[in-house]
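**Student:** One structure follows; several queries about it will come next.
The values are calculated or read from the model by the stated rules, or taken from the named source; none is laboratory data. Quantities reported herein were computed from a predicted structural model and do not represent experimental measurements. Glycine gets a Cβ as well: all are built from the backbone with ideal geometry, and neighbour counts include every protein chain shown.
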Amino acid sequence: MKIGLVGFGYWGKILYRNLIDLGLDPIVCEPNLVDKGDILKDKKVISNYEDLEVDKVFVAVPATAHHDIVKYFLSNGVDVFCEKPLGMYTHEVEEMYTIAEKNNANLFVDWLFTFNAQVERLVKLLSESAPIRSISMDFINKGPLRYDCNAKYDLASHHVSILQTIFRKLPDSWTWINYNRDSKQKVEDSCVGFLKYGNCQVIINASWEHEIKGREVIFTLEDGTYILWDDKNQILMHVKEKVSKEYTGGNSSPLHNSIKTFLYVKDFSYIKQKELTKQITKVLETNHG
């Protein structure tokens, strides 16, 4: 199985290291590579992705370039692993999936938190608990900066992927406010989202221009208890009458899990992930309600 990696920026380097950790040897394509450094050393680097002859390809380029590159490989029957967001417009996402189906190729989107063991445990815990009254979600940190998409697509999309995995339907309404904490940023570095699923109110706060790093979600339930998930400190607990029960979800790497799913899991439900991706794209694209 020949594997390619298109893009060797911030996330491309992370993908490369993880592929090497898993015993794989991807062919790298990066047209703007300035310095191979210690990672690539003496490896050959291809500058044009159309020169890649592979069975499966990982795409880690700016989001604005996803559409053309993903389309090219799918049109040639190559399975594609694309970092999120797949696209910023519903019609582009629909087109890519149509091309994948037409050419019998798999299109996999790396919604990383859906491969997180603690999130899987969280979803199960919520299914066994009282209905959710409200959700507060924070994803804040200092960098890395992005210039191809704003904080809504870069950070808040993670939380939307978790919400769609929990509720499995579009929210009744959603509103996004994008803004800059740093006025020098070319795209909005922060956002606040307000979503409603039935009687459940959700607020999302996301920023890559924040002095404090935190990834925390609080679910307040109708029975007065709440569930806390703190990704930074790897804490998942259900608090009842000031007594908390902590859960563990395993220590496996979410990125390793997603890579191995793409490469090796033959019964993975691409149909379900397609619907998830379409829902996330729709929620992020415009306000509704």
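**Student:** Scan the stretch 229-264 for residues that are aliphatic (A, V, I, L, M) and modelled with pLDDT under 95 and jot them down. Step through it out loud before you land on a result.
**Tutor:** At the first step, the residues of the stretch 229-264 found to be aliphatic (A, V, I, L, M) are 235-237, 239, 243, 255, 259, 263.
Answer for the stretch 229-264, where residues must be aliphatic (A, V, I, L, M) and modelled with pLDDT under 95: 235, 236, 237, 239, 243.
This table checks each residue for (1) farther than 14 Å from residue 276 by Cβ; (2) in the same structural domain as residue 215 (by TED's automatic domain parsing); (3) of a type in the set (A, V, I, L, M).
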| residue | (1), (2), (3) |
| --- | --- |
| 72 | yes, no, no |
| 76 | yes, no, no |
| 82 | no, no, no |
| 89 | yes, no, no |
| 93 | no, no, yes |
| 98 | yes, no, no |
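**Student:** Mind checking which pairs have a first residue in the stretch 79-95 that is over 18 Å from residue 60 (Cβ atoms) and surrounded by fewer than 24 Cβ atoms within 10 Å (Cβ to Cβ) and a second that is hydroxyl-bearing (Ser, Thr, Tyr) and at pLDDT 95 or above, Cβ under 6 Å, 6 or more apart or different chains?
**Tutor:** Between residues of the stretch 79-95 that are over 18 Å from residue 60 (Cβ atoms) and surrounded by fewer than 24 Cβ atoms within 10 Å (Cβ to Cβ) and residues that are hydroxyl-bearing (Ser, Thr, Tyr) and at pLDDT 95 or above, the close pairs are 90/281.
**Student:** Which one of these is under 20 Å from residue 127 (Cα atoms) and more than 19 Å from the chain's Cα centre (by Cα): 175, 165, 225?
**Tutor:** Values: 175 fails: under 20 Å from residue 127 (Cα atoms); 165 fails: more than 19 Å from the chain's Cα centre (by Cα).
Testing whether each residue is under 20 Å from residue 127 (Cα atoms) and more than 19 Å from the chain's Cα centre (by Cα) leaves just 225.
**Student:** If you take the residues of the stretch 13-57 that are over 18 Å from the mean Cα position of the chain (by Cα), within 21 Å of residue 147 (Cβ to Cβ) and touching a residue at least 12 places away in the same chain (Cβ under 8 Å), which of them is surrounded by the most Cβ atoms within 10 Å (Cβ to Cβ)?
**Tutor:** Taking the candidates together, the pick is 29.
**Student:** Condition first: more than 17 Å from residue 80 (Cβ to Cβ) and free of Cβ contacts under 8 Å to residues at least 12 places away in the same chain. Now tell me which residues in the stretch 245-271 satisfy that. Before the answer, list the steps.
**Tutor:** Start the filter on the stretch 245-271 by keeping residues that are more than 17 Å from residue 80 (Cβ to Cβ), which leaves 245-254, 256-257, 267.
The answer is 245, 246, 267.
**Student:** I'm told residue 145 meets every condition in (1) within 17 Å of the chain's Cα centre (by Cα); (2) not assigned by TED's automatic domain parsing to the domain that holds residue 206 except one. Can you identify the failing condition by its number?
**Tutor:** Single failed check for residue 145: (2).
**Student:** Next question, about the same structure. On the given criteria, is residue 134 part of a strand (DSSP E or B), of a type outside the set (A, V, I, L, M) and either surrounded by fewer than 23 Cβ atoms within 10 Å (Cβ to Cβ) or in contact with a Cys (Cβ under 7 Å, 6 or more places away or on another chain) (or both)?
**Tutor:** Here the answer is yes, as residue 134 does meet what is asked.
**Student:** A further question follows. Can you give me the number of residues within the stretch 172-184 that are closer than 21 Å to residue 147 by Cα and surrounded by fewer than 18 Cβ atoms within 10 Å (Cβ to Cβ)? Even if it seems obvious, please write down each step before you answer.
**Tutor:** The initial filter retains those residues of the stretch 172-184 that are closer than 21 Å to residue 147 by Cα, namely 176-184.
Right, trim to surrounded by fewer than 18 Cβ atoms within 10 Å (Cβ to Cβ) and you get 177-184.
Residues that pass the stated criteria total 8.
**Student:** Let me ask you something else. Quick test of your reading of the structure: residue 286 fulfils all but one of (1) buried (at least 17 other Cβ atoms within 10 Å of the Cβ); (2) not assigned by TED's automatic domain parsing to the domain that holds residue 24. Name the failing condition by number.
**Tutor:** Against the list (1) buried (at least 17 other Cβ atoms within 10 Å of the Cβ); (2) not assigned by TED's automatic domain parsing to the domain that holds residue 24, residue 286 comes up short only on (1).
**Student:** Which one is farthest from the chain's Cα centre (by Cα) among residues in the stretch 178-212 that are hydroxyl-bearing (Ser, Thr, Tyr), modelled with pLDDT of 95 or more and within 16 Å of residue 142 (Cα to Cα)?
**Tutor:** First, the residues of the stretch 178-212 that are hydroxyl-bearing (Ser, Thr, Tyr): 179, 183, 190, 197, 207.
Restricting the remaining residues to those that are modelled with pLDDT of 95 or more gives 179, 190, 197, 207.
Keeping just the survivors that are within 16 Å of residue 142 (Cα to Cα) gives 179, 190, 207.
On the way: 179: 21, 190: 17, 207: 15 Å.
Here the residue is 179.
**Student:** Tell me the strands (runs of 3 or more DSSP E) entirely within the stretch 192-235 that contain at least 2 residues that are surrounded by fewer than 16 Cβ atoms within 10 Å (Cβ to Cβ) and touching a residue at least 40 places away in the same chain (Cβ under 8 Å). Don't jump to the end; show me each part of the working.
**Tutor:** Values: elements: 200-207, 209-221, 226-230.
Filter on the stretch 192-235 gives 200-207, 209-221.
Here is a yes/no grid of residues against (1) out of contact with any helix residue (DSSP H, G or I) (no Cβ under 9 Å at 6 or more places or on another chain); (2) surrounded by 18 or more Cβ atoms within 10 Å (Cβ to Cβ); (3) aliphatic (A, V, I, L, M):
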| position | (1), (2), (3) |
| --- | --- |
| 59 | no, yes, yes |
| 65 | yes, no, yes |
| 75 | no, no, no |
| 103 | no, no, no |
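**Student:** Does the stretch 152-171 contain at least one residue that is surrounded by 17 or more Cβ atoms within 10 Å (Cβ to Cβ), acidic (Asp, Glu) and within 19 Å of residue 64 (Cα to Cα)?
**Tutor:** Yes, that holds for at least one residue.
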